[in-house]
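Have a look at the structure below before the remarks.
The values are calculated or read from the model by the stated rules, or taken from the named source; none is laboratory data. Model, not experiment: these values are computed from the prediction. Cβ atoms come from the backbone with ideal geometry, glycine included; neighbour counts cover every protein chain shown. The accessibility values were calculated without ligands, DNA or RNA, using every heavy atom of the protein model including side chains. Shrake-Rupley method; radii C 1.70, N 1.55, O 1.52, S 1.80 Å.
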Amino acid sequence: MAAADSISTTNLSRQAFDFKEEKETIIKCQNGDKQAFGILVKKYMQRSYYIALGFIGSHENALDLSQEAFVKAFRAIKRFDVDKRFFTWYYQILRNLCFNFLRDRAKHARPFSEFDDHEINRIREDSAASDDVEREELVSAVRQALSELKPKDQEIIVLKDFQDLSYKEIAEVLDCPIGTVMSRLYYARATLKTKLERMLYDDAI
Amino acid sequence: MMMQSEKDRFHILLMGAIDGELSENENREFEQFINNTPEYQKEFKQYKKLKEVTTHMRPKSPPVEVWDTYWMMVYNKIERGIGWLLFTIGSVILLTYGGFKLVESVVSNPDLLWIVKGGILLLMGGLSVLLVSVIRERMFTYKKDPYKEVIR
């Protein structure tokens, strides 16, 4: 118990330090220091890319949109309230860009084509269904079902299952209560489940 | 109505259970739900399996060079944006000045036929009207655009 307390105290103080350091970096950015902005970009680039990839599903577009979001963030950094979390603010820019992209998409690259099939195949093997055709069917069904979700439903699944954020972190990023996160997750997963069942066969999941 | 809210409660707890985010009390409440109702138990198993599928659907990692050059690409885009802005402002100033000088020289040139003068003036006038019209349309669309709060 004491060990757990000490770990959580360490985490808290590290977070506080990170926040303080980040605040100083942002103040430098607000004074026009591009190199300071580089520190923020390097800190969040991977998370940003993978979130965009979760929305968009193709490497090139995810890279482009995540970078574009950083460019927009830099241009608007003077309006940013330094007492808030940078990533929460940046995320709003990124998600708007991704939602716009999805709205205009229709003919863009095949969604979720960058997701690793191997992992999905493994699950299917564990589930004792060894038939290759069935496996491939599940892989493409999951991809298809995810891409057919509304952006808001995709978003919550991306943040929880692909990004592995806690409910608290998601609530912070989406600026809503934890209860809303849970109910949004339920509706998104319920829709995904229904779509998958329709695509595959009854009670496949 | 009562059943509906019980179901809603179950669904909220269900999410917490499959994501491992329930407190001890909530966990007890959830176990009561699934122990007393076979339908809930079945639903729990289905969502657990769904979670397995989505959690393991990991994206491929991009080549390492992507991260090495990422910031440089953002930096270039920031710089290029400023470059385009300056280029556009400069072009507008030069084009306006050039247009003005052209009209001035056409009007004051005694060697040009009046029909040529008229043609050039109409051309310049037409271009100006088109330009203003496009600008006005963009501004009008922006005011009425339901997505204007969405950053593009």
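Distance between the 7 Å Cα→Cβ label points at B:Asp111 and B:Val66: 6.4 nm. Taken per residue, the accessible surface of the range B:2-55 reaches 58 Å², heavy atoms only and a 1.4 Å probe. Taking packing as the residue-averaged number of other Cβ atoms within 10 angstrom, the listed peptides A:148-161, B:94-107, A:173-186 run from highest to lowest as A:148-161, A:173-186, B:94-107. Dipole magnitude for the range B:64-144: computed about the Cα centre from +1 point charges on Lys and Arg Cβ and -1 point charges on Asp and Glu Cβ, it is near 420 debye. The range A:19-65 and the range B:88-117 have their alpha-carbon centroids 48 Å apart. For the range B:94-114, the residues whose backbone nitrogen is under 15 Å from a point 7 Å from the Cα of B:Ile135, taken along Cα to Cβ, are B:94-100. With the charge dipole of the range B:1-143 set up from +1 on Lys and Arg Cβ and -1 on Asp and Glu Cβ about the Cα centre, the Cα lying farthest toward the positive end among the listed residues B:Ile78, B:Trp114, B:Leu127 is that of B:Trp114.
The simple spin-label model puts a point 7 Å past each Cα toward its Cβ; for B:Leu127 and A:Glu169 those points are separated by 5.6 nm. Taking the Cα centre of chain B as reference, the dipole from Cβ charges on Lys and Arg (+1) and Asp and Glu (-1) amounts to some 640 debye.
Using a 1.4 Å probe, how large is the accessible area of B:Leu122, given in Å² and rounded to the nearest 10? We get 140 Å² for B:Leu122. Label zone of B:Val92 (point 7 Å out along Cα→Cβ, amide N under 17 Å): in the range B:120-139 this covers B:128-139. Computed over protein heavy atoms with a 1.4 angstrom probe, the accessible surface ordering of A:Glu60, B:Glu52, A:Glu22, largest first, is A:Glu60, B:Glu52, A:Glu22.
Remark: for residue pairs A:Lys160/B:Lys48; A:Lys23/A:Lys160; A:Lys152/B:Lys77; A:Lys72/B:Lys77, the C-alpha separation exceeds 19 Å in A:Lys23/A:Lys160; A:Lys152/B:Lys77. Considering Cα pairs under 8 angstrom that are at least six residues apart, work out the relative contact order of the range B:1-64 and quote it in whole percent. Relative contact order of the range B:1-64: 25 percent.
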